[in-house]
Every structure is written in C-alpha cells, then in structure tokens.
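Read the figures in this text as sums done on the coordinates, not as results from a lab. Please read all numbers here as calculations on a predicted model, not as lab measurements. Here the Cβ positions follow ideal geometry from the backbone for every residue, glycine too, while neighbour counts run over all protein chains shown.
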Amino acid sequence: MKYVYFSRTEGPCWGVVKGEDVFTLTKPPFDGVDYDGKSLPLNQCKLLAPCMPTKIICVGKNYADHAREMGSEAPGFPVLFMKGLNTLNRPDGAVHAPDFVERLDYEGELGVVIKRKAKSVKAKDFSDYVLGYTCLNDITARDIQKHDGQWTRGKSMDGFCPIGPWVTDEVDPAVLSLTTRLNGKVVQKGETADLITPVPQLLEFITAAMTLEPGDVVATGTPAGVGPMIPGDVVEVEIEGIGVLKNQVI
C-alpha cells in the first residue's frame, strides 16, 4: 500500500493511494487500515509529510563513498544523530536557510517509517515494525556543521527534513536505487545494497538503545555526491518504487 497524509478543509487526513485516487481512512494506519468509504483524486490533495514522528533518527556516513568524500573512513558502527521535529517539511515544501548560512547541502536518503513501538528488535524481525519506506532529504547547513564540530544546529534548522511524497510497503529496502537531481541534473546515484549497515541491522542497533514509536523516522544515510544548493534551485530525491520528493530552495 501507499499511505499519504494530506490537508483538507475538515483537517489533516490519512489515505491510501490506489491509481489516481486517494481512499481516505478513519485513523492513522499504524495499527491497521480502516477506510471511511470516501475518496478523492490524488491531484486534489495537498500532501503533508507522511509520518507523525516523536523523533527523527539519522545515520551518518552509512555509505563508504560518502564517508570518503567527507574526508574520513567508514565508521565501524552506525553513527547516530537526531533532527528536531521543527525540521519536518512536506513534499513540495519550500526550503529556506537563515541568512547566516553560507553553504546549504542536499542529502538524498531512504527513510524508514515505524509502524509500532519498537524496543530491542532483532534484525530478522525488522519488517514487523516497519510501516513502509519514503524519500527524505537530510538538508544540512554544511558550514555550520563544520564550524560547530557536531551536527545538531547544522542539521536541525526549520524545514530541513522534507519527507514524502508517501510511505509504501511495496518495496524491498535492500535493493533500491536512489537518485538525487539538482535542477534536473543527476548529482547523486546510489544503491541501498551498498549501505554499510542495512535497514534490519540499523533497527536492531537503534532499538537496543532507545524505543521507537509509531510514526518515528529513521534516515538511513546518503551516498556520495552531496553538494550545495542556492535560492531558486529545485532538488529532487527519487527512490525506485517509491516516488519523487521535490522541493525548491527560496
């Protein structure tokens, strides 16, 4: 299924995409799908970020080629950091950095959306805890990240985590291609088969330390090719079998 979260006059609503239509739900799909008998065209829906996180957990340097381009070796274990909930941005949402930011980078990634409370998950059971997968852009104020010596401020400015356009359970996270385009030009090309720590092992590692809640998001890392954006640029993150996340820098 492809799950969407969208705004309407009555308030935000969850739905399931079938073809060109959205069939609306009575409640979030984390504990099962309950249709309300209504539908509307997908092109009439203003999509929101398709998740309700209590936290956004990110993995740094989870592709060896990206670690090398950042001037370091691949770490021997997942390096975790968090993005604040203020970073959550909708598909087609504008991205804007404060005036003091001198370099704003895109980082296309596969996002994992959690379905139910997850603690001490074993890698073999990971799929029991996953609602589905989505596209994510871990936008980074690179100069601030380097200046601070740690990642919180550079990663957690308002709107720095566009997610979408929907969440799907119809793909295998181990065999997906990821492409990032800047103004139509391919700037990142990666395969989830190259993740240093794949999704099952990531969930085992993360939940050994902390509980993930329904709607939480795990950003799995970005391949090589990260680079700067400026106002007016359009960045697209496309993942095979999922769709395209498209945002403009203003």
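Kindly put T152, T220 in sequence by how many other C-beta atoms sit within 10 Å of each C-beta, fewest to most. Don't jump to the answer; show the numbers that get you there.
Details: T152 13, T220 25.
Ascending number of Cβ neighbours within 10 Å: T152, T220.
Taking a spot 7 Å from the Cα of K146 along the direction of its beta carbon, which residues of region 68-105 have an amide N less than 17 Å from it?
Residues 68-73, 100-105 fall inside that zone.
Which whole-number percent gives the relative contact order of the chain, counting Cα pairs below 8 Å spaced six or more residues apart?
Working: 670 pairs, mean separation 65.3, N = 250.
Result for the chain is 26 percent.
Going by how many other Cβ atoms sit within 10 Å of their own, how do R103, R116 line up, fewest first?
Details: R103 17, R116 14.
So the residues, fewest neighbours to most, are R116, R103.
Using 1/(1 + (r/R0)^6) with R0 = 25 angstrom and r between the beta carbons of D169 and M82, what's the FRET efficiency to the nearest 0.05? Walk me through the numbers on the way to the answer.
Working: r = 25 Å, r/R0 = 0.99.
The value I calculate is 0.50.
How much net charge surrounds K185 when only the other residues with a Cβ under 11 Å from the Cβ of K185 are counted, with Lys and Arg +1 and Asp and Glu -1? Intermediate values should be presented prior to the final figure.
Working: positive: R181; negative: D233, E236.
That works out to -1.
Mind listing which GluC sites (Glu not before Pro) in region 58-167 are in a DSSP loop and have 11 or fewer other Cβ atoms within 10 Å? Display every interim value, and only then the final one.
Details: sites: E69, E73, E102, E107, E109; in loops: E73, E102, E107.
Sparse-neighbourhood loop GluC sites (Glu not before Pro): E73.
Suppose only helical runs count, i.e. DSSP H with n ≥ 4. What mean residue ellipticity at 222 nm does that imply for the chain under -39500 (n - 2.57) per run, divided by all residues and rounded to the nearest 500 deg cm²/dmol?
Taking each H run of at least 4 residues, the total per residue is -3000 deg cm²/dmol.
Roughly speaking, what is the stretch gain from F23 to S7, that is 0.36 nm per residue apart minus the C-alpha to C-alpha distance, in nm to one decimal? The partial results should precede the final answer.
Details: separation 16, 0.36 × 16 = 5.76 nm, distance 1.38 nm.
So the chain would gain 4.4 nm between F23 and S7.
Quick one: order T9, T140, T24 by neighbouring beta-carbon count within 10 Å, fewest to most.
Details: T9 4, T140 24, T24 19.
Ordered from fewest to most neighbouring Cβ atoms within 10 Å, T9, T140, T24 come out as T9, T24, T140.
Can you tell me which lysines have their Cα less than 17 Å from the Cα of K185? Leave out same-chain residues fewer than eight positions away.
Candidates past the 8-residue exclusion: K246.
Could you tell me the calculated FRET efficiency between K122 and F100, based on Cβ-Cβ distance and R0 = 45 angstrom, to the nearest 0.05?
Values: r = 45 Å, r/R0 = 0.99.
Approximately 0.50, to the nearest 0.05.
Taking the chain as a Gaussian network, where each spring joins two C-alpha atoms under 10 Å apart, which residue of T87, T168, T26 fluctuates the most?
T26
Along the Cα→Cβ direction, 7 angstrom out, place labels at A74 and N43. What is the inter-label distance in nm?
Those two pseudo-labels are separated by 4.4 nm.
Most fluctuating residue of G71, G215, G184 in a GNM of the chain with Cα springs under 10 Å: which is it?
Highest fluctuation among the options: G71.
Find the centroid of the Cα atoms in region 35-102 and in region 214-235, then give the distance between the two in whole Å.
Cα centroid to Cα centroid, the span is 6 Å.
Mind checking which aspartates and glutamates have their Cα closer than 18 Å to the Cα of K119? Skip sequence neighbours fewer than 8 apart in that chain.
Cα-Cα hits under 18 Å: D31, D128, E204, E213, D216.
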